[in-house]
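Got a structure for you, questions after.
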Amino acid sequence: MDSIATLLDFRFCPAHRSVPLRDAGFLELYPRMSELWRRCLSRLEAEFSAEDIHTYLAPLQAGEDESGFILWAPNAYTMETVRERFLDRILAVLEHLAGGAVAVDVQVGTRSNLRATPKAPARAKAPERTVAESNIDPNYTFENFVEGKSNQLGKAAATQVAMNPGRAYNPLLLYGGTGLGKTHLMHAAGNLMRANKPDVKVLYLRSEQFVSGMVRALQQKGMDEFKRRFRTVDALLIDDIQFFAGKNTTQEEFFHTFNALFEGKQQIILTCDRYPKEVDNLEPRLKSRLGWGLSVAIEPPDFETRAAIVLAKAQAKGVDLPEEVAVLMAKRMRSNVRDLEGALNTLVARANFEGRRIGLEFAQETLRDLLTVHAQAITMPNIQRIVADYFQLRLADLLSKKRSRSIARPRQMAMALAKELTEHSLPEIGDAFGGRDHTTVLHACRTIRDLRETDGKLRQDWEKLVRTLTE
Ligand SMILES: Nc1ncnc2c1ncn2[C@@H]1O[C@H](COP(=O)(O)OP(=O)(O)OP(=O)(O)O)[C@@H](O)[C@H]1O
């Protein structure tokens, strides 16, 4: 049985900075990683706000394995935020302190996850465990996933799959824009499988980890072990497979892994940032297999779901968030749940620092910049311009009285998007579209809503436009 240390073996080292730590020759200089991290942190304190340090950076624990420096984050949200916002600076400071290139990865866990070196006797003698170890994040469950129209189907499918691994839908592919809960659902399925059957072997990894693991296996002539590791699991969960695009050797290997698992009735769950057929440079035979099971779109949540998510996240943190603050955040931040969560963390951190209560005014003041950025992005002129570009129409035609289908349908789409994504009323939207009556706008919204149910092509256009406008 793979231990968690083995499963964590697949680490993503950013290609441009992938020199192993030992080669940098500074382990001798800084024998303790925590000391190095402490020094790095004290430099970062001068660059980032106290809130950022307190919320994201101070909770990280430093460690290392043979592939480099690891920062252990207490949860997936912190891990992702650190990767996105701070990793470049962390790398730069560590390299400065080390005097050479280093490899750094951020993972969820604590220092106690830290793997021993492969030959460590302690691991070789580890006792047999009845509960299979796993790198599934226990914080992502179906219970704390807020259901709404946008993710209902995804949640139902993931639950089905978890109840009948390898039998319900194989593969299950969840696709959609960033920060909408695909990874959450994937882990939730893994957690449910493990709750139902504690010895089930569920392996989660990001596609970059599959790629880097394979590169390493090829270099070290360890392909047999690599294949075995993936093919002996009961469920393989791979996140963000769009990353496989253009990587032909990886795709070839993944194709064979896929076939072996599929034939063995082992469950495969995948996520992708768009419908896989739209991913360029993904082999056709792989695309076709991805469609063998069930592909479900996860769409941006509607207002009610966003508000419910903020309230649920606040409750999970033990924070008493006034409903009006949740409403403000849900109204103004439409694109993705990760941003909402980030805004909530900012509010909570500042309230803790300053010993203040989170009220509407406090939230408006604290989130002012964030809310302005989100409000700016989705304006009526923006929607009109983006829809016109998307359908290769002239803006003047989109706003004209012309009634040909090739113009009228995009116009209806633009009006429906304006209704969905902005605060404007029907008459205001009508005015902005060449002085149309509000009933025309209402008709457009209804038509598009119905067509999204029945017309696959139109649904895809809609999803792409929502993504373009909200991400
Ligand atoms: N419906 C929901 N209920 C509760 N939390 C949610 C929901 N949707 C998203 N989240 C939270 O939003 C954050 C981002 O979600 P997640 O990482 O699953 O997004 P993703 O779709 O996998 O994005 P990416 O493609 O960028 O990896 C997570 O902390 C997750 O818990």
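The values are calculated or read from the model by the stated rules, or taken from the named source; none is laboratory data. None of the values given here were measured: they were computed from a predicted structure. So basically every Cβ, Gly included, is an ideal-geometry build from the backbone, and we count neighbours across all protein chains shown. To get the accessible areas, we keep the full protein, side chains included, count just its heavy atoms, and leave off ligands, DNA and RNA. Shrake-Rupley method; radii C 1.70, N 1.55, O 1.52, S 1.80 Å.
Hey, with R₀ at 45 Å, roughly what FRET efficiency would residue 163 and residue 320 work out to, going by the Cβ-Cβ distance, to 0.05?
Details: r = 35 Å, r/R0 = 0.78.
With R0 = 45 Å, the Cβ-Cβ based efficiency is 0.80.
Hey, can you grab everything whose amide H is under 5 Å from the amide H of residue 106? Only 5+ residues off in sequence or another chain; H modelled, so Pro and N-termini drop out.
Residues meeting the criterion, in which the H sits 1.01 Å from N, are 71.
Among bridges DSSP assigns within the chain, what percent are antiparallel (round to 5)? All intermediate terms of the calculation are to be shown ahead of the outcome.
On the way: 5 of 27 bridges.
Here the antiparallel bridges make up roughly 20 percent for the chain.
Work out from phi, with θ = phi - 60° and the Karplus expression 6.51 cos²θ - 1.76 cosθ + 1.60, the ³J(HN,Hα) of each residue of the stretch 256-270, listed in order in whole Hz, and give x for Gly and Pro.
So the J values, rounded to whole Hz, are 5, 4, 4, 4, 4, 5, 4, 5, x, 6, 8, 6, 10, 10, 10.
Quick one: accessible area per residue over the stretch 389-471, 1.4 Å probe, rounded to a whole number of Å²? Present the calculation step by step, with values, prior to reporting the outcome.
Working: 4560 Å² over 83 residues.
That works out to 55 Å² per residue.
Still on this structure, I have one more. Which translational diffusion coefficient, to the nearest whole µm²/s, is obtained for the stretch 135-203 from the Stokes-Einstein equation, given a Kirkwood hydrodynamic radius over C-alpha pairs, 4 °C and 1.567 mPa s?
Working: Rh = 12.1 Å.
Result for D is 107 µm²/s.
Once the Cα atoms of helix 380-390 and of the chain are each reduced to a long axis, what angle between those two axes, in degrees from 0 to 90 to the nearest 10, is obtained?
Its long axis makes an angle of about 70 degrees.
Would you be so kind as to identify which of 378, 292, 215 lies farthest towards the positive end of the dipole of the chain, taking Lys and Arg as +1 and Asp and Glu as -1 on Cβ and the Cα centre as origin?
292
Compute the angle between helix 87-98 and the longest alpha-carbon principal axis of the chain, please, reported from 0 to 90 degrees and rounded to the nearest 10.
30 degrees
Also: If I ignore ligands, DNA and RNA and count only protein heavy atoms, how much of residue 88 is accessible to a 1.4 Å probe, in Å² to the nearest 10?
110 Å²
Here's something else I'd like to know. Output wanted: per-residue J couplings in Hz (rounded whole) for the stretch 421-431, from phi through Karplus 6.51 cos²θ - 1.76 cosθ + 1.60, θ = phi - 60°, x for Gly and Pro.
With the stated coefficients, the stretch 421-431 comes to 9, 10, 8, 5, 7, 4, x, 5, 5, x, 4 Hz.
Kindly provide log₁₀ I(q)/I(0) values, in the same order as q = 0.11 Å⁻¹, from the Debye equation applied to equal alpha-carbon scatterers of the chain.
Once normalised to I(0) and log-transformed, intensities are -1.02.
Quickly estimate the mean residue ellipticity at 222 nm for the chain, helices only: each DSSP H run with n ≥ 4 gives -39500 (n - 2.57), and the total goes over all residues, rounded to 500. Please report the intermediate quantities before stating the final value.
Values: 22 runs with 243 residues, N = 471.
After summing the helix terms and dividing by the residues of the chain, the value is -15500 deg cm²/dmol.
Work out how much length residue 149 to residue 35 would gain on full extension: take 0.36 nm times their residue separation and subtract the Cα-Cα distance, in nm to one decimal. Display every interim value, and only then the final one.
Values: separation 114, 0.36 × 114 = 41.04 nm, distance 4.82 nm.
Computed gain between residue 149 and residue 35 is 36.2 nm.
Could you tell me whether the stretch 342-391 comes out rounded, prolate or oblate from its Cα gyration tensor? Rule is a ≥ b ≥ c as square roots of the eigenvalues, rounded for a/c under 1.5, then prolate if a/b exceeds b/c, otherwise oblate. Mind dumping the intermediate values first?
Values: a/c = 5.70, a/b = 3.61, b/c = 1.58.
Because a/c hits 1.5 or more and a/b exceeds b/c, the stretch 342-391 counts as prolate.
Take the stretch 390-469, drop everything but the C-alpha atoms, weight them equally and run the Debye formula without solvent; then report log10 I(q)/I(0) at 0.12, 0.23 Å⁻¹ to two decimals.
After summing over all Cα pairs, the log10 values are -0.30, -1.18.
Answer with one residue from 425, 343, 262: the one whose Cα lies farthest towards the positive end of the charge dipole of the chain, charges on Cβ with Lys, Arg +1 and Asp, Glu -1.
Working it through, the farthest residue towards the positive pole turns out to be 262.
Calculate one ³J(HN,Hα) per residue across the stretch 204-211 by plugging θ = phi - 60° into the Karplus curve 6.51 cos²θ - 1.76 cosθ + 1.60, and present them in order as whole Hz with x for glycine and proline.
Karplus-based 3J(HN,Hα) across the stretch 204-211 equals 10, 7, 7, 4, 4, 5, 4, 5 Hz.
Follow-up. Under the rule of at least 5 residues apart or a separate chain, name every residue whose amide H is placed under 5 Å from the amide H of residue 150.
Under 5 Å from the amide H of residue 150 lie the amide H atoms of 302, each far enough along the sequence or on another chain.
Determine the sum of side-chain charges near residue 47: Lys and Arg each +1, Asp and Glu each -1, restricted to other residues whose C-beta is under 12 angstrom from that of residue 47. Write down the numbers at each step before the final one.
Numbers: positive: 43, 85, 89; negative: 45, 52, 88.
In short, 0.
Among 279, 50, 319, whose Cα lies farthest out toward the positive end of the dipole of the chain, if unit charges sit on the beta carbon of Lys, Arg (+1) and Asp, Glu (-1)?
Result: 279, furthest along the dipole toward the positive end.
Based on the Cβ-Cβ distance from residue 223 to residue 139, what FRET efficiency comes out when R0 is 25 Å, to the nearest 0.05?
Values: r = 34 Å, r/R0 = 1.35.
Given R0 = 25 Å and the Cβ-Cβ separation, E is 0.15.
Using only the alpha carbons of the stretch 187-285, what is the convex hull's orientation-averaged projected area in square nanometres? List each step's numbers first, then the result.
On the way: hull surface 25.8 nm².
Result: 6.5 nm².
Can you pull out the chymotrypsin sites (Phe, Trp or Tyr not before Pro) in the stretch 236-344 that DSSP calls coil and that have at most 15 other Cβ atoms within 10 Å? Mind showing how you got there, number by number?
Working: sites: 243, 244, 254, 255, 258, 262, 292, 303; in loops: 292.
Here the chymotrypsin sites (Phe, Trp or Tyr not before Pro) that fit, given the DSSP loop and packing criteria, are 292.
Still on this model: Multiply the residue gap between residue 402 and residue 365 by 0.36 nm, knock off their C-alpha separation, and tell me the result in nm, one decimal place. Can you show the working numbers first?
Values: separation 37, 0.36 × 37 = 13.32 nm, distance 4.52 nm.
Gain in length upon complete extension: 8.8 nm.
Evaluated at 10 °C with a viscosity of 1.306 mPa s, what Stokes-Einstein diffusion coefficient in µm²/s does the stretch 325-471 have when Rh comes from the Kirkwood expression over alpha-carbon pairs? Present the calculation step by step, with values, prior to reporting the outcome.
Numbers: Rh = 16.7 Å.
Estimated via Stokes-Einstein, D reaches 95 µm²/s.
Taking the Cα atoms only, what angle lies between the long axis of helix 182-196 and the longest principal axis of the chain, rounded to 10 degrees?
60 degrees
Below 8 Å between Cα atoms, with a sequence gap of 6+, how large is the relative contact order for the stretch 235-320 in percent? Before the final figure, lay out the partial values.
Working: 56 pairs, mean separation 27.6, N = 86.
This gives 32 percent for the stretch 235-320.
Do you know the relative contact order of the chain, to the nearest whole percent, from alpha carbon pairs under 8 angstrom that are 6+ apart? Write down the numbers at each step before the final one.
Details: 680 pairs, mean separation 60.8, N = 471.
RCO, the chain: 13 percent.
May I pose another question? Hey, can you grab everything whose amide H is under 5 Å from the amide H of residue 237? Only 5+ residues off in sequence or another chain; H modelled, so Pro and N-termini drop out.
Distant-sequence amide H within range of residue 237: 203, 204, 205, 269.
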